[in-house]
Every structure is written in C-alpha cells, then in structure tokens.
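The values are calculated or read from the model by the stated rules, or taken from the named source; none is laboratory data. Since the model is a prediction, treat every value here as computed from it, not as a measurement. Cβ placement follows ideal geometry from the backbone for every residue including glycine, while neighbour counts extend to all protein chains displayed. Just the protein is used for accessible areas: all its heavy atoms, side chains included, with ligands, DNA and RNA removed. Shrake-Rupley method; radii C 1.70, N 1.55, O 1.52, S 1.80 Å.
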Amino acid sequence: TVDVYRKQIPPCRDFVAFATYVSFFPQLVAGPIERATRLLPQMLKERKLNAISVRVGWRLICWGVFKKVVIADSAAMYANAAFGNDAVAGPVMVLGVVAFALQIYGDFSGYSDIAIGTARLFGIRLRSNFRFPYFSRDLGEFWRRWHVSLNTWFRDYLYIPLGGSRMGRGRSLLNVVVVFLVSGLWHGADWKFVTWGAIHAAFFVPLFVLGHNRRPEAGWSWRQAPGALWTFAVVCFAWVFFRADDMAHALDCLARMGQGWS
C-alpha cells in the first residue's frame, strides 16, 4: 500500500496475484520479508521450473532443516539449562548465552533457508536474509548481515520517512535510536525487548557518529578477529535480555555471569 502511494509500483489489478503475494506461505511467518516491488512481478509473469531451481531449492531446505534441528535444537538444550537454573553461574552461564546465540541464529536463518528453498520449488526467488552475521567486524556490519530483509524494511519504511540523515546530525541520531527501539518492540511488547534494542543503539551510535557504520566489507582475515569477537560479545550481551523471562531475570543472569570464576 505504501509503495503504491509512493508510486513505486502500480496498483495490482490481478486479484489472484495480489492474494498470492499477501498469503505466500513460505515467507509469511518469519521472513524473508519481501516487497511487492520484487515479489508481485514474479507472480504476474509465467514461471518455468527447471532442474537447477529444484536442486537449489532442496539443498536450501535440507540445509535449513540441519540448522534448525541439529544446531538450534541442540544449542537450545544448553541455553535452557543455563537460563532455567538459578544455580548456574560463571563460565557455564556464559556458555549458555553463547548457546542461545547459536540457537537463535539456527532458528531464524534455518527458517529463512527453508522458506527460500520452498519458494524456489514454485519458481519464486526470495532474497537472502542472513550473511554470516557472527563474523561481522562491528555492529554496523552485523546489522547489514542479520535479518537483512527486516533491517532494510525498517530503513525504507521508518528511518527514511523520519528524515533519515537529511535533517542534521542530531535528528539522524534520534532516528537511529527510534529504529532500534521499534525493532525491539517488533519482537514483542516487553521492556526486555526494548532494552535489547537500546543496547544495540548504544553501541551503534558511536559508529554512526564516527562514520564507521558503513565501512566496506572487505575479505575476512584473522587480523579482524578481535573486532569480530568484540562484536559477538556485544551481541551476546544483548541476547541475554532477549532470552530472559523478564527484566529481573535478565539482570540476575548478568550478575551470575560475573560469579563463580574461581
């Protein structure tokens, strides 16, 4: 509707194509979030299925199921044991947080792979949604690699309409913070999700001020490992609030992470 209002796409007069776009089941639940500008044209034209699409589709489906069942579900056992036991502290709690980071990546990216692969079996191409986010050198790069379709959606339909970077540095910083807070609310109406978004905003704003949030993604090397480890640590710190039952539970988990190292 917004794209039609902006005249970026003409109104769809084909009810079947429009209904298919709105209800296209592979990506309906968790993404990738597709735009009408990209998906509707594919549904309005004839599609031809070939052996390559079927092979690529099934490969993505199998890889997504592997991420979900083998990686995510296995990591979930350790994450649930750490977050569900008040006696767990120190390095075991830290490992539980890392396990949750693997779990949520396996869940989200695995589902995206299954959705993209299933769509390929119908001759529909969905955009890539996760690009090895835990190898990011800084938080700006992380958000260009994590849930790409959601982040570009927030950019185009929230950040830019708020003024983007066109209304001065102060307003740009405010817009960035608003986007991160709303991205937290998108996951649930709870203070723990707002806090998760606020933590990412707090670590992203310095990069934005220094102009490092859009550094080119050069080839990865071991010299960039310290930056990647720091970014992963910040992301895991924020994941504590995402996984905890509530704010009190999140603060208790953080406190236990600092205990029992002797």
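Couple of notes before you dig in:
- The phi torsions of the range 248-262, fed into the Karplus equation with coefficients 6.51, -1.76 and 1.60 and a -60° offset, translate into couplings of 4, 5, 4, 5, 5, 4, 5, 5, 5, 5, x, 10, x, 7, 6 Hz, rounded to whole numbers, with Gly and Pro shown as x.
- Nearest-10 value in Å² for the accessible area of Tyr21, using the 1.4 Å probe: 50 Å²
- Other residues within the sphere of radius under 15 Å centred on the Cβ of Gln259, judged by their own Cβ, net out at -1 (K and R +1, D and E -1).
- Three-way shape label, the range 92-204, alpha-carbon gyration tensor, a/c 1.5: oblate
- Here the 3J(HN,Hα) profile of the range 35-46, calculated from phi with Karplus coefficients 6.51, -1.76 and 1.60 at θ = phi - 60°, is 8, 4, 4, 9, 8, 4, x, 5, 8, 8, 10, 5 Hz, Gly and Pro shown as x.
- Highest-MSF residue in the chain out of Val88, Val205, Val16 [GNM, Cα springs under 10 Å]: Val16
- Net charge of Cβ neighbours under 15 Å - reference Pro26; Lys, Arg +1; Asp, Glu -1: +4
- Prolate/oblate/rounded label for the range 136-262 (Cα gyration tensor, a/c 1.5): oblate
- Filtered trypsin sites (Lys or Arg not before Pro), the range 196-262: DSSP coil and at most 12 other beta carbons within 10 Å: Arg214
- Note on Rg and Dmax of the Cα atoms in Å: of the candidates (i) 19.1, 63; (ii) 20.3, 68; (iii) 18.0, 51, the value calculated from this structure sits at (ii).
- Here the contact order of the chain, divided by its residue count and restricted to Cα pairs under 8 Å and six or more residues apart, works out to 21 percent.
- Counted charge near Gly164, where neighbours are those whose Cβ lies closer than 14 Å (Asp, Glu -1; Lys, Arg +1): +4
- Relative contact order computed over the range 37-150 (Cα-Cα under 8 Å; 6+ residues apart), in percent: 31 percent
- Relative contact order for the range 176-262: 29 percent, from Cα pairs under 8 Å spaced at least 6 residues apart, divided by residue count.
- Taking the protein heavy atoms of the chain in the context of the full set of protein chains, the accessible area attributed to carbon and sulfur is 66 percent at 1.4 Å.
- Residue-normalised accessible area of the range 8-145, expressed per residue, 1.4 Å probe, Å²: 52 Å²
- Taking a ≥ b ≥ c as the square roots of the eigenvalues of the alpha carbon gyration tensor, the range 57-156 is oblate, as a/c is not under 1.5 and a/b does not beat b/c.
- For the chain, the dipole from Cβ point charges (+1 on Lys and Arg, -1 on Asp and Glu) about the Cα centre works out to 1280 debye, to the nearest 20.
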